[in-house]
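Heads up, the thing below is written out as structure tokens.
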Amino acid sequence: MVHHQRTERLVPSSAWFNVRCVTLELLLTLSLLAGAVSLLALSTGNPETIAMVAFASVTVLVTGIAVIRLLDRLESRGVPALE
């Protein structure tokens, strides 16, 4: 018995590419904003503010990278609910 694998996807590659580009643009914008806020926090000299900005910046970067990796995985394996 021969099994045929479906080659067509419900979500085209161009859609994944567009979503990934928008995510990268948003991540870059948020990173630049976090850099500006961190410089402002450094100028105040308040250690609690500096720590809070650093924690928020790292959280945003880790979350953004995780979303990009998730999008890559969904593109390569497909969306289970749709395919």
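The values are calculated or read from the model by the stated rules, or taken from the named source; none is laboratory data. On a predicted model such as this, the values are computed, not experimentally measured, just so you know. Counting neighbours? That spans all protein chains shown, and the Cβs are built from the backbone with ideal geometry, glycine included.
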- Message: Condition check: surrounded by 14 or more Cβ atoms within 10 Å (Cβ to Cβ), modelled with pLDDT of 90 or more and either acidic (Asp, Glu) or not in a loop (DSSP other than H, G, I, E, B) (or both). Does VAL58 satisfy that?
- Response: no
- Message: If a residue must be touching a residue at least 12 places away in the same chain (Cβ under 8 Å) and more than 21 Å from the chain's Cα centre (by Cα), how many such residues does segment 41-75 contain?
- Response: 2
- Message: Considering only residues that are part of a helix (DSSP H, G or I) and either at pLDDT below 90 or over 20 Å from VAL22 (Cβ atoms) (or both), which ones fall in segment 73-83?
- Response: LEU74, GLU75, SER76, ARG77
- Pairs, please: C-beta under 7 Å, at least 6 apart or cross-chain, first residue more than 14 Å from SER57 (Cβ to Cβ) and in segment 14-31, second part of a helix (DSSP H, G or I) and among the acidic types (Asp, Glu)? TRP16/GLU75
